[in-house]
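A.B. asks: The structure under discussion is supplied below as structure tokens; questions concerning it will follow.
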Amino acid sequence: MIKGGYTGKILRINLSNLTTKEEPVPEALVKNYLGGAGFAIKYLYDELKPRVPALSRENKLIFAVGPLTATGASCASRMAVAAKSPLTGAMGMALAGGQFPAEMKMTGYDMIIIEGKAEKPIYVSIIDGEVSFHSAVKLMGMMTTDTQLFIKEELGDWNYRIACVGPAGEKQVPMACIVNERRAAGRKGLGAVMGSKNLKAIAVRGTRKPAVADAEAFKKARAAMLKNMKESPVLYSQFSKTGTPMVVDAMTEMGIYSIKNWSATGEINMVPGLGKAAQDTMIITRNPCYDCPVGCSQVKLVTSGPYAGYLSEGPEFETTYSLGSAVGVDYLPAVIAGDRLCDEYGIDTISAGVSIAWAMELYEKGILTKKDTDGIDLKFGNHAAMIEMLRKIAYQEGLGALLGQGTKKAAAKIGKGSDAFAMQVKGLEMPAYDIRGAKAHGLNYATSYTGADHNRGYAFQEIFDIPIPEKVDRNAIKGKGKLTKWNQDIRAVTCDCAPMCAFLLDMAVPAVACQNTADLVNAVAGTEFTSGEIEKIGERLNNVARLFNIREGFTRKDDSFPKRILTEPIKQGASKGQLISRADLDTMLDEYYAERGWDKNGNPTTAKLKELAIKRD
Ligand code: SF4
């Protein structure tokens, strides 16, 4: 019996006939999938027909929060947004923070399932469980900030929190994202799915704080969590002040900060232009997520030069890579401008930047010419070209229309061996860490159900040298299958289902993440999860997502890397000589599948599915 934490309600919105329906949250769903991504992925597996086109009315778009959201647990205003991805064709799931997730919970729902397609552009408002539909015809073409301001004004309440798409989502660009304030459910093209449903925005407003089942136990569990956070050697002393850009310096030192579409990792020092010190000088304020004492999110303003006046919340480490080092740009004001433009257009900074970086490499190799680029001199380091290509991607103009499809599909169209330089896995562009010098991190890119996604199984052991569950050699091959499974399962349940900010897992509670989650959830919901059961939920989620992908046609051969990773060693720096050969990848995959209880082809075995109580479709 669930006594708190959850609202206990799921809202279905059918856009085809503008109807809504409330359903109870089944107790078995709580027990087996906890919340957030667990709920969303289970429903997509059960309800989507195999191989539905991602941009069709048959796809569903799900927003799901978790038991800890808006309860007073720190850093838990997170939501999972999920659908079949138009970029990868696989399960698409992205997390977003900010204020929206807490407000969504307080409007009365643990999960909102969007179905069908509206006849004309609309937006939906929900206030304390009351749903209304509004015409969005006049919002078409509007940037995301203006969209949010306009809707608040029109609804006459500035306390609404809004998740919306920009022009790129409206145009169904497969790397479009969903933006709330300046936070994004960024990756896998979920904004295109929203746009394909003619849904410009969802506005939520709520006053219903979820009940807490055992206030005393919650106080204790919350205090234990805050103590862990306080004792972290980096969380408050460094991360809180600088945010993720501090990782630029650390990755550069390790020789795994990817540069110029991964062709020049270790060869150029980008720290003076893009590192912590450079970023710190541009901070004007911070904007923490709901109920977060850390507040890593730094707001930066460009005050001079060609990009004067641009303000962005970030750029985060990943964007500093994708719109900076990946495209050979070490001019931070351009990165800030690009970051802001991506937020306004509603496109994923990683996929957009990495696709432009790929095009730059093709241009420098002569595979693309000025005829293909509409006369743009698309060489590495040309920040004006990068900014213009972002616009072209958002509006599907010229080469931008091709790049917006992502590097995998674009390479298939361009041919001429261009796929060798397309830095993607399963169609999702690779994040910043050059995995040739961090093998478990790489194995996670290869096996994550969403494609090359650092957020699914971040190997903090390799990246930050944290010896939990044990010290690892980042370049060793053996043991990485076991480690990757553990990283993926722990992260899935604590960060994606509970859900809590991933930075706590990495920097404050890696050793006690599951116990900590069990204590907090049990206190708010009155459940009796053990730490082991919590970890099992993470494993269950990764298995269901795998089954979804298998049903869509993915096999072992998709758990792979681009040619560059397999054949081209890093040429300079602290990771010089490192690569992941085909044989090494196969060794890691064999170990990983065995640890997961999957067969040699990466299919979950009947015994494993029985153990996890998963019914195969
Ligand atoms: S640490 Fe940063 S990302 Fe995480 S909840 Fe706080 S402000 Fe948001």
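The values are calculated or read from the model by the stated rules, or taken from the named source; none is laboratory data. Remember, predicted model here, so these are calculated numbers, not experimental data. Because the Cβ atoms are built from the backbone with ideal geometry, glycine has one as well, and the counts that use them run over all protein chains shown.
A.B. asks: Out of the range 3-24, which residues are surrounded by 19 or more Cβ atoms within 10 Å (Cβ to Cβ), of a type in the set (A, V, I, L, M, F, W, C) and assigned to a loop (DSSP other than H, G, I, E, B)?
C.D. replies: L15
A.B. asks: Just need a number here: residues in the range 240-263 that are of a type outside the set (G, A, S) and within 16 Å of the ligand (Cβ to nearest atom).
C.D. replies: Residues flagged as of a type outside the set (G, A, S) and within 16 Å of the ligand (Cβ to nearest atom) within the range 240-263 amount to 6.
A.B. asks: Okay, moving on. Given the conditions (1) at pLDDT 95 or above; (2) not in a helix (DSSP H, G or I), and given that R616 satisfies all but one, which numbered condition is not satisfied?
C.D. replies: (1)
A.B. asks: When you scan the range 26-34, do you find a residue that is acidic (D, E) and in contact (Cβ under 8 Å) with a residue 12 or more places away in the chain, even just one?
C.D. replies: Yes - at least one qualifying residue is present in the range 26-34.
A.B. asks: Right, another one. Any chance you could count how many residues in the range 357-387 are assigned to a helix (DSSP H, G or I) and either of a type in the set (D, E, K, R) or under 17 Å from R564 (Cα atoms) (or both)?
C.D. replies: 7
A.B. asks: Here's something else I'd like to know. Out of the residues in the range 152-183 meeting the condition of being closer than 22 Å to C501 by Cα and modelled with pLDDT of 95 or more, tell me which one is surrounded by the most Cβ atoms within 10 Å (Cβ to Cβ).
C.D. replies: C177
A.B. asks: Which condition does A459 not pass, out of (1) more than 16 Å from the ligand (Cβ to nearest atom); (2) over 16 Å from E318 (Cβ atoms); (3) hydrophobic (A, V, I, L, M, F, W, C), if it passes all the others?
C.D. replies: The one condition A459 does not meet is (2).
A.B. asks: Taking the range 58-82 as the search range and keeping residues that are among the charged types (D, E, K, R) and within 20 Å of A163 (Cβ to Cβ), which one is nearest to the ligand (Cβ to nearest atom)?
C.D. replies: That would be R78.
A.B. asks: Here is a follow-up. Regarding V294, is this residue within 16 Å of the ligand (Cβ to nearest atom) and surrounded by fewer than 21 Cβ atoms within 10 Å (Cβ to Cβ)?
C.D. replies: No; evaluated as a whole, the condition is false for this residue.
A.B. asks: Considering only residues that are touching a Ser or Thr at 6+ places or on another chain (Cβ under 8 Å), within 17 Å of I393 (Cα to Cα) and acidic (D, E), look in the range 331-382 and name the one that is surrounded by the fewest Cβ atoms within 10 Å (Cβ to Cβ).
C.D. replies: Once the filter is applied, the top-ranked residue is E344.
A.B. asks: Do any residues in the range 280-308 that are among the hydroxyl-bearing types (S, T, Y) have Cβ atoms under 7 Å from those of residues that are away from the ligand (no atom under 13 Å from the Cβ) and not in a loop (DSSP other than H, G, I, E, B), where the two are at least six apart or on different chains, and which pairs are they?
C.D. replies: Close Cβ pairs satisfying both conditions: Y307/P333; Y307/A334; Y307/I336; Y307/A337.
A.B. asks: Out of curiosity, is K392 farther than 25 Å from A90 by Cα, modelled with pLDDT of 95 or more and in a loop (DSSP other than H, G, I, E, B)?
C.D. replies: Spelling it out, it is not the case that K392 is farther than 25 Å from A90 by Cα, modelled with pLDDT of 95 or more and in a loop (DSSP other than H, G, I, E, B).
A.B. asks: Restricting to the range 232-242, give me the number of residues that are under 15 Å from F464 (Cα atoms) and of a type in the set (G, A, S).
C.D. replies: Here the count works out to 1.
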